[in-house]
Amino acid sequence: ERNSTKGDSFKYRQYDATPAMSLDIFSAVVMSLVTPRNQVWHDLESITEEGEDVDNSNVDKYLEGVRNSLFRYRWSSNFNQAVHECYHDLGAFGTMCLYIGRGAKGLFYRSIPIHQIYILSNQYDNIDYIHREYTITAKQILEEFNRPSDVLPQQVRDIAERNPAHEFRFLHCVKPNMNQDKAIGDYRSMPFVSYTISIDHASIVRVSGFETFPYAVGRYNVLNDEEYGRSPAMSVLPDINMLNQMNKVTMKAAQYATQPALLVHSDGILNSYSLTPGALNFGGVDDQGRKLVHPLDMGSNINISLEMMDQKRTIIKAAFWNTLFQILVEMPQITATEAMIRAQEKGALLAPTAARIESEFLTPLIEREINLLEQMGKLKPPPEELLAVEGENYTVKYTS
């Protein structure tokens, strides 16, 4: 395999850009459907212990304020960039992961590459156990692990002074706290326990806890006995590989057709031959004017290859939802009602995937955001009517 560096191109064996471009369109489509930028795509509704809606203006006004605060902090942070990267992973690998934490502007989001994480689900098929192996610079280590309780190896501090860009391997483990003791005021009283380990020094740097799971993990499609998701790219991977190979072969055939090999007379009269326009090639014909140089006809039919490649591109684009927003482009003469009906038909096909993203990815994300804003004192105290409800006292209603 070829050695690569950060920022290096990874398309040196790619002969057709359709899959990559289709993936970009897929991530944009998912974002516009599920979490449209600068739009309110969900509400918060209060519920009773029996799951019924609470009819109270104070509660409704409070939840509306919480919702507005969520979107205000999202729009002022890197939410849109991070979640767009997640949707890109969803289309390519079938699994996406987003870290939600505190940031300089309130909330901070980081899209976690799929190759860094190892996940496990609980009995309810919710992801609540994650190991993340990653690299971090010495400068970032000093900035992040600055709590009095952090145990940072002295070797890391020494290297950070000489070379702040030096990278270390770390492991972050978050799992349910099986020995939760609410009487204790530290991390042992929290539902989730967290360990940050320096792999290079085999030492625990930080032990802490979380009230809510800090990672939101979403999957495109999951089989019954699998933890990781399956992506649309996996569904059409044979077509992607075939299209890439077909384009490679067709490029060679086109080169042969435009610049074919030459058949030259065996007596060696024509010692050199120039393909420069306007060049004079002496000895290229005999005394009777017959050509002594002929192109080699390979007998290839490029039109058939082009037609087959178009078929593969159509399949790939359909798998990545590229046709979703092409109704008016393909049929500009249809009425608004017809366009709406066609869009509703496509929306019905996308509903299962959108529902999984909402329940598995966005709902834990919203719960984590609310918990962080409450810890930072960014939300007003809830009304007594809401505090009187035990357990879950609100539900998320998606409106995108």
**Request:** Taking amide H positions as placed in the peptide plane 1.01 Å from N, state which residues far from V205 in sequence (5 or more) or on other chains have amide H under 5 Å from it.
**Result:** T196, I197, S198
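Would you please give the FRET efficiency between W75 and H115, computed as 1/(1 + (r/R0)^6) with r the Cβ-Cβ distance and R0 = 41 Å, to the nearest 0.05? Don't jump to the answer; show the numbers that get you there.
Numbers: r = 30 Å, r/R0 = 0.73.
After rounding, the FRET efficiency stands at 0.85.
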**Item:** Candidate lysines for bridging to K317, where Cα separation is under 18 Å - those fewer than 8 sequence places away on the same chain excluded
**Value:** K346
**Message:** Between 0 and 90 degrees, rounded to the nearest ten: what's the tilt of helix 237-258 against the longest Cα principal axis of the chain?
**Reply:** 30
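What does the extension gain come out to for T335 and S400, with contour length at 0.36 nm per residue minus their alpha carbon separation? Before the final figure, lay out the partial values.
On the way: separation 65, 0.36 × 65 = 23.40 nm, distance 2.31 nm.
The span from T335 to S400 would gain 21.1 nm if fully extended.
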**Item:** Residue with peak Gaussian network fluctuation, the chain [Cα springs, cutoff 10 Å], from A355, A20, A138
**Value:** A138
**Item:** On Cα atoms only, tilt of 79-93 relative to the major axis of the chain in degrees
**Value:** 60
**Complete:** Accessible-area order for Y134, Y15, largest to smallest, probe 1.4 angstrom, reads Y15, Y134
**Request:** Taking the dipole about the Cα centre of the chain, with the C-beta of Lys and Arg at +1 and of Asp and Glu at -1, give me whichever of I25, C86, I141 is farthest to the positive side.
**Result:** I141
**Asked** Which of these values of mean projected area of the Cα convex hull in nm² was calculated from the structure shown: (1) 24.2; (2) 25.6; (3) 33.0?
**Response** (3)
**Request:** For the chain, calculate the relative contact order in percent as a whole number, restricting contacts to Cα pairs under 8 Å that are 6 or more residues apart.
**Result:** 23
**Prompt:** Gain in length, R157 to S189, computed as 0.36 nm per residue apart minus the alpha-carbon separation, to one decimal in nm?
**Reply:** 8.4 nm
**Complete:** The helix 336-356 Cα axis meets the longest alpha-carbon principal axis of the chain at an angle in degrees, between 0 and 90 and rounded to 10, of 70
**Prompt:** Most mobile of V30, V207, V236 per a Gaussian network model of the chain (Cα springs, under 10 Å)?
**Reply:** V207
**Fill in**
XL table K105/K380; K252/K312; K248/K312; K175/K378; Cα-Cα > 25 Å flagged, in table order, is K175/K378
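Starting with the highest mean, order 80-86, 377-383, 112-118, 177-183 by the number of other Cβ atoms within 10 Å, averaged over the residues of each peptide.
Result, highest mean Cβ count within 10 Å first: 80-86, 112-118, 377-383, 177-183.
The values are calculated or read from the model by the stated rules, or taken from the named source; none is laboratory data. The shown structure was predicted, so the numbers you read here are calculated from the model rather than taken from an experiment. Methodologically, a virtual Cβ is constructed for each residue, glycine included, from the backbone with ideal geometry; neighbour enumeration extends over all protein chains shown. Surface accessibility is based on the protein's heavy atoms, side chains included, excluding ligands, DNA and RNA. Shrake-Rupley method; radii C 1.70, N 1.55, O 1.52, S 1.80 Å.
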